[in-house]
Amino acid sequence: MCFPVGCTRWTSMVAALALVLCGAVVEVDAQSGGTTGAGTATDATTSRLMQRLHALAADSMEGRRAGTPGAARARRWLIGELRTIGVEPLGASYEHPFVIRTRSASPDTNGVNVVARIKGTAGGGPALVLSAHYDHLGIRNGEIFNGADDDASGCVTLLMIAERLMRERPTHDVIFAFFDAEESGLQGARAFVANPPLPLNTIGMNLNLDMVSRQDAGALWVAGTAHYPLLKPLAEAAAAGARVTIRFGHDTKDLKPGDDWTNSSDHGAFHARGIPFLYLGVEDHPDYHKAGDEAHKVDPAFFRGTMEYAYALLRRVDAALPEIARARRTP
Ligand SMILES: [Zn+2]
């Protein structure tokens, strides 16, 4: 179900007033951490979501271009958050370096993926890779491209989901992959599958989030079900309780160039290896790859809704992961 935007905003105004009048409301939500999925645009979970978005999309991160000090600062911030939440690294370190190949004559630089894991209660079986990319476009002509939607929003959603999975353990291992150098051709994700930190045949699926916070077009898209039809009932079932409009598509060859998103973000690297994927993202908006992609342009209620949908979808996928893993293609 989807609430009209105006209604949601009105509800949040009432809730804000209630919070001012009664501090105990904040206390209750802070204790539950919003685990029920209930809440409004002004509750503690949404506040934390937006605080994290503002932190990762801050000017001090200098646009997080791969190989720059700004990207290193963003990486330190992400690792700090993971440590605070209590998520362990996958392997000896959170940092998984790789070489970024440049097309120009300039020398290759180093990229670094950040990879963590929450172990599932089953103690084995396939793993789910939940991904987003933390790099963006850096500084151009003196302007900082903060990439709040692209893709600080996906990274922050991963952190929120990690926080919740620490309390509500998944059945299967969930790998949190914060990829670098997506903007230079999915290079972090390609390095991950080329030199995987866990056996590739144990990855049951990739759920990739890239641009999940802007509601300009009023909907969150789910791409990938045309390639992996068994995932559609799961994504539809999760959509039944969603507070944002969920649409399916952007994953077939008959679309005009640019509208088939099969290879337009990091999930493309998994798909190329025959690993089933679902991608969540919004339509391009006026600030797409512009300096105006700023955190203050994000509607907190919409962003909270996409986060809740991603979590609901993850739980469904987790429950069906052995069956999904059997749908792997031989590339
Ligand atoms: Zn992106």
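Ordering Ala319, Met160, Ser47 by Cα displacement along the dipole of segment 5-325 toward the positive end leaves Ala319 in first place; charges were set at the Cβ atoms of Lys, Arg (+1) and Asp, Glu (-1). Taking the Cα centre of segment 191-267 as origin and assigning +1 to Lys and Arg Cβ atoms and -1 to Asp and Glu Cβ atoms, the resulting dipole is close to 160 debye.
Scalar couplings 3J(HN,Hα) for segment 118-124, obtained by applying the Karplus form with A = 6.51, B = -1.76, C = 1.60 to θ = phi - 60°, are 10, 6, x, 6, 6, x, x Hz; x denotes Gly and Pro. Averaged over residues, the count of other Cβ atoms within 10 Å places the peptides 139-147, 275-283 in the sequence 275-283, 139-147, highest first.
Ordering Phe302, Leu230, Thr202 by Cα displacement along the dipole of the chain toward the positive end leaves Thr202 in first place; charges were set at the Cβ atoms of Lys, Arg (+1) and Asp, Glu (-1).
Quick one: net charge of Arg76's neighbours, Cβ under 12 Å, K/R +1, D/E -1?
It works out to a net charge of +2.
Residue by residue, segment 270-278 carries 3J(HN,Hα) couplings of 6, 4, 4, 9, x, 8, x, 9, 10 Hz when phi is fed to the Karplus relation 6.51 cos²θ - 1.76 cosθ + 1.60 (θ = phi - 60°); x denotes Gly or Pro.
Shown for Val87, Val174: other C-beta atoms within 10 Å of each C-beta, ranked fewest to most, produce the order Val87, Val174. Placing +1 on the Cβ of every Lys and Arg and -1 on the Cβ of every Asp and Glu, with no other charges, gives the chain a dipole of roughly 700 debye about its Cα centre. Which one of Val112, Ile139, Ala66 has its Cα pushed farthest toward the positive end of the charge dipole of segment 51-175, where Lys and Arg give +1 and Asp and Glu give -1 at the Cβ? Positive-end residue among those listed: Val112. Here's how it looks for Asp210: its modeled amide H is under 5 Å from those of Leu280, which are all 5 or more places away or on a different chain. Which shape class, rounded, prolate or oblate, goes with segment 63-172 when its Cα gyration tensor gives a ≥ b ≥ c as root eigenvalues, a/c under 1.5 marks rounded, and past that a/b bigger than b/c marks prolate? Because a/c hits 1.5 or more and a/b exceeds b/c, segment 63-172 counts as prolate. Counting only DSSP beta bridges with both residues in segment 5-325, the antiparallel share comes to about 50 percent.
Among Val156, Val115, the ranking by other beta carbons within 10 Å of each residue's beta carbon, starting with the fewest, stands as Val115, Val156. Under the convention that each Lys and Arg Cβ holds +1 and each Asp and Glu Cβ holds -1, the size of the dipole of segment 225-281 around its Cα centre is about 100 debye. Phi-derived couplings, Karplus 6.51 cos²θ - 1.76 cosθ + 1.60 at θ = phi - 60°, listed residue by residue for segment 189-197: 5, 5, 5, 4, 7, 6, 9, x, x Hz, with x used for Gly and Pro.
Cα gyration tensor of segment 98-227, axes a ≥ b ≥ c as square roots of the eigenvalues: rounded (a/c below 1.5), prolate (a/b > b/c) or oblate?
Oblate is the answer for segment 98-227, as a/c is 1.5 or above yet b/c matches or exceeds a/b.
Does the chain come out rounded, prolate or oblate, given a ≥ b ≥ c as the square roots of the eigenvalues of its C-alpha gyration tensor, rounded meaning a/c under 1.5 and, failing that, prolate meaning a/b above b/c? Because its axes are fairly even, with a/c under 1.5, the chain counts as rounded.
Normalised by the number of residues in the chain, the average gap of Cα pairs under 8 Å and 6 or more apart makes the relative contact order 21 percent.
Counting neighbouring beta carbons within 10 Å and listing from fewest to most, the residues Asp254, Asp150, Asp260 come out as Asp254, Asp260, Asp150.
Entry for segment 265-319 at q = 0.15, 0.16, 0.17 Å⁻¹: log10 I(q)/I(0) = -0.64, -0.71, -0.78, Debye formula applied to identical alpha-carbon scatterers, no solvent contribution.
No value in this document is a laboratory result; all are computed from the given coordinates. Quantities reported herein were computed from a predicted structural model and do not represent experimental measurements. When we count neighbours, we look across all protein chains shown, and the Cβ atoms used for this are built from the backbone with ideal geometry, even at glycine.
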